[in-house]
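The values are calculated or read from the model by the stated rules, or taken from the named source; none is laboratory data. Remember, predicted model here, so these are calculated numbers, not experimental data. Every residue, glycine as well, gets a Cβ built from its backbone with ideal geometry; the counts of neighbours run over all protein chains shown. Ligands, DNA and RNA are excluded from the accessible area calculation, which covers all protein heavy atoms including side chains. Shrake-Rupley method; radii C 1.70, N 1.55, O 1.52, S 1.80 Å.
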Amino acid sequence: LAVIGQQIPVNDYNPYFVVDICSGTTNFAAVTLDGIIKGFSLNIGANKISTDIIDYVAEVYGLQIGIPTAERLKREIGSLCDDDGLALTVSGRETKTGLPKTLTLKAFELVDPIKKYFEKLVEYAMSLIVKLPPEVSSEIRKSGIYISGEDTTIYGLKDYVTDRTKIKTNIAENADTVKALGGGTVLGNSELLKKLSIKYD
């Protein structure tokens with residue numbers, strides 16, 4: 001559904017490689033309309049970025065923040081660029097005294113905790129690509145990696161994945177809703193629905 005929702009011209013023969021980021025999982029698959037060639041699900045997702053930000057800010061800056069603040073930092077100034085100077089002021093509790101504390105953080109100061117998750121994403125994506133049949137791997141290197149789901153608005157994500165995989169990376173527009181769009185497309189196409197239907201015993 002993530003592939004179809006991005007309007008990728010997928011068919012029975014040409015494979016595409018998709019990474020879909022959910023809150024608690026990350027899904028990797030090489031797919032055609034004929035099915036999943038090879039894929040797996042990793043039990044970490046976008047929530048890991050938030051918890052890594054919380055731990056990092058507490059350890060490095062002595063400020064205890066909660067999930068809503070970490071989400072705000074991630075969405076408003078989240079970046080993978082070491083020279084990104086965008087800043088955001090947040091409030092929390094000083095770890096040593098427990099007293100209220102306000103701190104201005106710049107985007108480049110949060111690159112390390114954000115990068116931890118995306119390093120894993122690249123590692124697992126490549127571990128799957130290298131295990132694919134040579135013909136499939138070759139086609140994917142031409143068509144690229146397609147990323148959808150949560151936190152794909154992190155600044156510099158496309159260049160980060162491209163630089164580390166040496167494969168063109170495509171970030172879905174409306175990345176949070178591509179699976180819903182794909183579901184709507186499938187439901188509106190009886191032939192496609194029949195092809196993709198899962199039969200249970």
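Listed values, structure above:
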quantity: P(r) tail fraction, segment 46-132 - alpha-carbon pairs more than 20 Å apart, %; calculated: 36
quantity: Debye intensity ratio I(q)/I(0), log10, segment 18-59, q values 0.15, 0.24, 0.29 Å⁻¹ (C-alpha model); calculated: -0.46, -0.77, -0.90
quantity: For q = 0.09, 0.15, 0.20 Å⁻¹, Debye-computed log10 I/I(0) when each Cα of segment 1-157 counts as one equal scatterer; calculated: -0.36, -0.80, -1.15
quantity: Per-selection Rg to Rh, segment 1-83 - Cα, Kirkwood hydrodynamic radius; calculated: 1.15
quantity: FRET efficiency, 1/(1 + (r/R0)^6) with R0 41 Å, evaluated for Thr102 and Asp159 via beta carbons; calculated: 0.80
quantity: Computed Kirkwood radius, in angstrom, where 1/r is averaged over Cα pairs of segment 114-177; calculated: 12.3
quantity: Solvent-free Debye scattering, log10 I(q)/I(0), computed from the Cα coordinates of segment 35-78 at q = 0.16, 0.20, 0.21, 0.23 Å⁻¹; calculated: -0.49, -0.63, -0.67, -0.75
quantity: Accessible area of the chain divided out per residue, in Å², using a probe of 1.4 angstrom; calculated: 54
